[in-house]
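S.K.: Starting off with a structure, shown below.
The values are calculated or read from the model by the stated rules, or taken from the named source; none is laboratory data. Nothing here was measured: the structure is a model prediction, and the numbers come from that model. Every residue, glycine among them, receives a Cβ derived from its backbone with ideal geometry; neighbour counts consider all protein chains shown.
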Amino acid sequence: MKPMCEKVIPSSNSSWRYVKYDMPQIDFNWHYHPEYEICLTLNSQGLRYVGDSIADYGDADLVLVGPNMPHTWHSSPNEDGSSQVVHVAQIPKVWIENQSADHPEMQALELMLKRSGRGIVFSKQTGIYAKSLFERMESENTFQRYILLMELFNTMLQDSDTQPLSSSFFSYGDKTDAGIDKLDRVIEFIYKNFDTPLYADDMAKLAHMSTNHFHRFFKRRTERTLTEFINQLRIGKACKLLITSNHPIAVISDKCGFNNISNFNRQFLSIKSCTPSQFRKQIRVKHLLS
């Protein structure tokens, strides 16, 4: 089966992406992307596919996968009906490689990044410690998440019980995917026009698809619906204005493309777990205390 190229969108106001999945089982989703990926799988067992490696995995499975290496996990539902949890950090290649090249303190990371081209599985002990770091990431701001990511890399570097996954001669040469070009056009359009009304029909035309096909295509490639993606982008822009400007909240709502203040407040609360006014107040309190 030919792997699908996944488009990775960094988390709001961040250079990389952190996401937590909570699901009854892990479906087979053979894919690759140009980012490094750290994946921690909890309360789950099944088969792990990385390159030409197919192996059993169990709880606290921690893996680092290099850029463009096809991979997926696959499990069945747990007998007790409990959820399976996956924490994922996806880190742009140029960003992390520049970090390690530009800072002598991080040069030890270079070798591990090179080794990850085959995929690396870490010891269960490291996986258990990584669980505590990922759980802290869930509720932290972007700066604290960056610190926790560096701590996670450092923990992985200390592990002397790592194993490569894919064979040294495996390579995935066909990385062309027409779909990624279509998605790039759409995302560029959204970023340029986020403050104006956006319609699925217009973006479907950009991608040369029917609207129904486009909705399925976008969700599969970004793991978010079109509406979720646009709202998350707009709320990210709103956060920046709440921090850097004194504009009234109603003005910020308009500047970020929301059709009314009630919808803005509702979407902000859903994504940030606080209202825009609470967010601004928290930022000002932190500034006074710093």
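S.K.: Restricting the search to the range 1-52, which residues are aromatic (F, W, Y) and either within 17 Å of N68 (Cα to Cα) or surrounded by fewer than 21 Cβ atoms within 10 Å (Cβ to Cβ) (or both)?
M.R.: W16, Y21, F28, W30, Y32, Y36, Y49
S.K.: Inspect all residues belonging to the range 248-259 and state whether any of them is at pLDDT 90 or above, among the polar types (S, T, N, Q) and within 27 Å of P3 (Cα to Cα).
M.R.: There is no residue in the range 248-259 that is at pLDDT 90 or above, among the polar types (S, T, N, Q) and within 27 Å of P3 (Cα to Cα).
S.K.: Looking at the range 146-165 only, could you name the residues that are under 11 Å from Q125 (Cβ atoms) and either outside the structural domain of I38 (by TED's automatic domain parsing) or not small (G, A, S) (or both)? Break it down into steps so the answer makes sense when it comes.
M.R.: Residues of the range 146-165 that are under 11 Å from Q125 (Cβ atoms), as a first pass: 155, 158-161.
Of everything in the range 146-165, those that are under 11 Å from Q125 (Cβ atoms) and either outside the structural domain of I38 (by TED's automatic domain parsing) or not small (G, A, S) (or both) turn out to be T155, Q158, D159, D161.
S.K.: So, one more: Which one is nearest to the chain's Cα centre (by Cα) among residues in the range 37-73 that are farther than 30 Å from W95 by Cβ and polar (S, T, N, Q)?
M.R.: Of everything passing the filter in the range 37-73, N43 is nearest to the chain's Cα centre (by Cα).
Yes or no, residue by residue, for (1) in contact with a strand residue (DSSP E or B) (Cβ under 8 Å, 6 or more places away or on another chain); (2) under 16 Å from L157 (Cβ atoms):
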site	(1), (2)
D56	yes, no
G66	yes, yes
T72	yes, no
H103	no, yes
R118	yes, no
F122	yes, yes
S132	no, no
R136	no, no
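S.K.: Just checking, which of P67, P10 is within 14 Å of G119 (Cα to Cα) and not in a strand (DSSP E or B)? Walk me through how you get there before you give the answer.
M.R.: Details: P10 fails: within 14 Å of G119 (Cα to Cα).
Being within 14 Å of G119 (Cα to Cα) and not in a strand (DSSP E or B) holds for just one of P67, P10, which is P67.
S.K.: Just for the range 142-153: of the residues that are surrounded by 13 or more Cβ atoms within 10 Å (Cβ to Cβ) and not hydrophobic (A, V, I, L, M, F, W, C), which one is farthest from D52 (Cα to Cα)?
M.R.: Restricting to residues being surrounded by 13 or more Cβ atoms within 10 Å (Cβ to Cβ) and not hydrophobic (A, V, I, L, M, F, W, C), the top hit is T142.
S.K.: Sort out which residues of the range 176-230 are of a type in the set (G, A, S) and farther than 28 Å from P70 by Cα, and write them in order of number.
M.R.: A200, S210
S.K.: Tell me whether the range 261-278 contains one or more residues that are of a type in the set (V, I, T), under 21 Å from D195 (Cα atoms) and in contact (Cβ under 8 Å) with a residue 40 or more places away in the chain. Lay out the reasoning, then the answer.
M.R.: Start the filter on the range 261-278 by keeping residues that are of a type in the set (V, I, T), which leaves 261, 271, 275.
Filter again for under 21 Å from D195 (Cα atoms), leaving 261, 271, 275.
Now restrict to residues that are in contact (Cβ under 8 Å) with a residue 40 or more places away in the chain: 271.
Looking through the range 261-278, at least one residue is of a type in the set (V, I, T), under 21 Å from D195 (Cα atoms) and in contact (Cβ under 8 Å) with a residue 40 or more places away in the chain.
S.K.: Inside the range 117-130, can you point out the residues that are closer than 15 Å to I96 by Cβ and modelled with pLDDT of 95 or more?
M.R.: Of everything in the range 117-130, just one residue is closer than 15 Å to I96 by Cβ and modelled with pLDDT of 95 or more, namely I120.
S.K.: Could I ask something else about it? Go through the range 233-259 and report how many residues are buried (at least 18 other Cβ atoms within 10 Å of the Cβ) and of a type outside the set (S, T, Y).
M.R.: Result for the range 233-259: 14.
S.K.: Same structure again: Take the range 53-71 and flag every residue that is buried (at least 18 other Cβ atoms within 10 Å of the Cβ) and under 28 Å from D184 (Cβ atoms).
M.R.: Passing the criteria: V63, L64, V65, G66, P67, M69, P70, H71.
S.K.: Name the residue, out of R284, R221, that is part of a helix (DSSP H, G or I), in contact with a strand residue (DSSP E or B) (Cβ under 9 Å, 6 or more places away or on another chain) and not assigned by TED's automatic domain parsing to the domain that holds S12.
M.R.: Just one listed residue meets the conditions, R221.
S.K.: Moving on. Looking only at the range 74-122, count how many residues are more than 22 Å from the chain's Cα centre (by Cα) and surrounded by fewer than 16 Cβ atoms within 10 Å (Cβ to Cβ). Walk me through how you get there before you give the answer.
M.R.: Pass one, the range 74-122, residues more than 22 Å from the chain's Cα centre (by Cα): 76-82, 101-108, 111.
Then keep just the ones that are surrounded by fewer than 16 Cβ atoms within 10 Å (Cβ to Cβ); that gives 76-82, 101-105, 107-108, 111.
Matching residues across the range 74-122 total 15.
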